1. Residues that are under 23 Å from residue A:156 (Cβ atoms), surrounded by fewer than 19 Cβ atoms within 10 Å (Cβ to Cβ) and in contact with a helix residue (DSSP H, G or I) (Cβ under 7 Å, 6 or more places away or on another chain): does the range B:171-186 have at least one?
2. Could you list, in sequence order, all residues of the range A:34-47 that are within 30 Å of residue A:7 (Cβ to Cβ) and in contact with a helix residue (DSSP H, G or I) (Cβ under 6 Å, 6 or more places away or on another chain)?
3. Determine, yes or no, whether residue A:265 is out of contact with any helix residue (DSSP H, G or I) (no Cβ under 9 Å at 6 or more places or on another chain), assigned to a strand (DSSP E or B) and either within 14 Å of another protein chain (Cβ to nearest Cβ) or within 30 Å of residue B:143 (Cβ to Cβ) (or both).
4. Every residue in the range A:133-143 that is surrounded by 18 or more Cβ atoms within 10 Å (Cβ to Cβ), part of a loop (DSSP other than H, G, I, E, B) and out of contact with any helix residue (DSSP H, G or I) (no Cβ under 7 Å at 6 or more places or on another chain), please.
5. Mind listing just one residue for me: the one in the range A:147-157 that is under 19 Å from residue A:190 (Cα atoms) and within 14 Å of chain B (Cβ to nearest Cβ) and, of those, surrounded by the most Cβ atoms within 10 Å (Cβ to Cβ)?
6. For the range B:45-54, check the following and say yes or no: at least one residue is modelled with pLDDT of 90 or more and buried (at least 19 other Cβ atoms within 10 Å of the Cβ).
7. Hey, does the range A:121-132 have a residue that's away from chain B (no Cβ under 12 Å) and either free of Cβ contacts under 8 Å to residues at least 60 places away in the same chain or in a helix (DSSP H, G or I) (or both)?
């Protein structure tokens, strides 16, 4: 029985490692400038954790095979010095690895999320609400209208709470249900939540950021490929959470400008 | 006597067929007709982007527009509820249900007019879940989920009220329930016209309600068998 367990442990280790190494279920291809750093960090983490996983599982299988109780009355061999030193050594080893990965990973994360956006970045305001995303562009005047949450009126397409009656800068603001962006241009998104916590997640951009009601959270990135990808909410936000999504369309510069003009004409 | 009774019943039946149910047989009933128009600049209606709900988006060859202000030629104003707000002695609610559809992620009709106590049946004709949420303030407020294929939601309202309706899943969905005490009501189409039929001779207050442009009232006297008119001009603002 002990030997069967050892074989099962070894098989699980080999099969799960093979799935990882063949990249059967891997992340979608990166389409952002900053994604390279995330992917590198991810690979390093996978290698470090993977090596430790494989070694520890195979050692476990070996020990179970070699030293397991065979039920023949022979005394069970103990680890020299008992279990305590082994637990301490294992904890220190794993702990050291986690600390190192965290420090290195934090550096990569901070370099992306805490670095200032490009001053020429195109700013798009994002409103998350149950259960949709809306995106606002400043329009022809280049200025965003002031937000008045008490004026939010979804039924009349006022998803952001604009006051066009009194605020002239709000009149030409473009509000879209899709995030349309020019390729290879730095983008700054400012995230607002109308009601509860939501998340902005585009796996291809390697960006996942929560929305927090009451906070305006900036994220920035540059998309490097002309694509149409899904933006999904990854914070459970209510009964329609499963259906909370929007599309991100990255298009060539001239096409983007045409889209902007079309939208501006509708205001 | 017999002839009178027969004609009275016939009139009653005609009025019932025309406007729902009238509890008091009208004697020589009159009709108030009119036209609702606007002055000023109405807000632009915008296309609704429902890309996130492909099963709804594919039902519309071109994007549907928001419907809070529907206008027609000659500054006609649609989706105005015109009803008798005073002077109507009718009582009792019809038992026939008012149907309200969620189809293509849109409320059809945009304004459902019903009476206090009249059954309302809400259908989900879509391949996606809806969660209808009438924002009642005078009546009790509720919201109910309705997956595809679910039976209709049945509801009634106890008090007269204009209730904005939204969907808790699809933020762009927007409609209204106009809960009235009178069976004499009409909803203007894109031509802005209306007719309130089966009214006994007498003095009435006619009210016109629009979700963006508010309410207006007029005193109208109906004389036996003669048509009366009441035109309304609403003040439109672009924002």
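The values are calculated or read from the model by the stated rules, or taken from the named source; none is laboratory data. Not measured: the values here are computed from a predicted model. No Cβ is skipped: glycine too gets one built from the backbone with ideal geometry, and neighbour counts run over all protein chains shown.
1. no
2. Hit for the range A:34-47 is A:45, nothing else.
3. no
4. Across the range A:133-143, the qualifying residue is only A:138.
5. Checking each candidate, the answer is A:152.
6. yes
7. No, the range A:121-132 contains no residue that is away from chain B (no Cβ under 12 Å) and either free of Cβ contacts under 8 Å to residues at least 60 places away in the same chain or in a helix (DSSP H, G or I) (or both).
Conditions (1) buried (at least 19 other Cβ atoms within 10 Å of the Cβ); (2) over 15 Å from the mean Cα position of the chain (by Cα); (3) more than 29 Å from residue B:131 (Cα to Cα); (4) not assigned by TED's automatic domain parsing to the domain that holds residue A:144, marked per residue:
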{"residue": "A:180", "(1), (2), (3), (4)": "yes, yes, no, no"}
{"residue": "A:191", "(1), (2), (3), (4)": "yes, no, no, no"}
{"residue": "A:202", "(1), (2), (3), (4)": "yes, no, no, no"}
{"residue": "A:215", "(1), (2), (3), (4)": "no, yes, no, no"}
{"residue": "A:220", "(1), (2), (3), (4)": "yes, no, yes, no"}
{"residue": "A:255", "(1), (2), (3), (4)": "no, yes, yes, no"}
{"residue": "A:261", "(1), (2), (3), (4)": "no, yes, yes, no"}
